[in-house]
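Student: First the structure, which I've put down as structure tokens, then a few questions once you've had a look.
Read the figures in this text as sums done on the coordinates, not as results from a lab. Nothing here was measured: the structure is a model prediction, and the numbers come from that model. When we count neighbours, we look across all protein chains shown, and the Cβ atoms used for this are built from the backbone with ideal geometry, even at glycine.
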Amino acid sequence: MNFIETQLKGCFILEPKIIKDQRGYFMESFNEQTFQKGTGQNVHFVQDNQSFSSRGVLRGLHYQTGEHAQAKLVRVLQGEVLDVAVDIRPDSPTFGQYESILLSGENQKQFFVPRGFAHGFLVLSETATFFYKCDNFYNKESEGGIIFNDPTLNIDWQFELNKLIISEKDEQLPNLQQSKKVW
């Protein structure tokens, strides 16, 4: 597994070693020891989540606060998504900056998003199956979010914004400045 730290300290792109032959392929998608050595972080995942969405579905930008904050290791099992992490750590030199990566069932890349980041993704293929590990259990009272089109973030979603499919809840999320009050 190849670990590439992004411009946002603590966020990593993981490129698996894929062994292919006439039967198909094999890869180790997760190994706790390899992960901890590669990221330098002692993360213990406790929950796996999976979603299925169609082209244009945007989920996010979401985060959990306080003792319920979550780190996530995300990947796409089928299809293609643009995955985005936004640094919301108030004392970080990259506060308010984002990293995006194309994740697909074909490239098998993974993206590690540590605690202190908002996270979201947009489905670019006809459909996509999205899978992620969390290091903390979901807590409804601790959830927060930032509107996907916050002009201070200026995220390039690589998609026509008027064709996005967004939940009513996500359409009502505050901008970065307003959401900052809850950290």
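Student: Give me a comma-separated list of calculated 3J(HN,Hα) values for segment 40-46, in order, Karplus coefficients 6.51, -1.76, 1.60 applied at θ = phi - 60°, integers in Hz, x for any Gly or Pro.
Tutor: x, 10, 8, 10, 10, 7, 10
Student: Could you list, in their original order, any pairs among Lys72/Lys163; Lys37/Lys72; Lys9/Lys163 whose Cα atoms are separated by more than 21 Å?
Tutor: Distance filter (> 21 Å) returns Lys72/Lys163; Lys9/Lys163.
Student: Quick one: what are the phi-derived ³J(HN,Hα) couplings along segment 11-18, Karplus 6.51/-1.76/1.60 with θ = phi - 60°, whole Hz, x for glycine and proline?
Tutor: Working through the residues one at a time gives 8, 10, 9, 10, 10, x, 8, 9 Hz.
Student: Got a sec to turn the phi values of segment 28-38 into Karplus ³J(HN,Hα) couplings, 6.51 cos²θ - 1.76 cosθ + 1.60 with θ = phi - 60°, whole Hz, x for Gly and Pro?
Tutor: For segment 28-38, the Karplus-derived couplings read 8, 7, 7, 9, 4, 5, 4, 4, 5, 5, x Hz, x marking Gly and Pro.
Student: Any idea what the dipole of the chain comes to, in debye rounded to 20, about its Cα centre with Lys/Arg Cβ at +1 and Asp/Glu Cβ at -1?
Tutor: Using Cβ point charges on Lys, Arg, Asp and Glu, the chain gives about 220 debye.
Student: Amide H neighbours of Arg89 under 5 Å, counting only residues 5+ apart in sequence or on other chains, H built in-plane at 1.01 Å?
Tutor: Gly96
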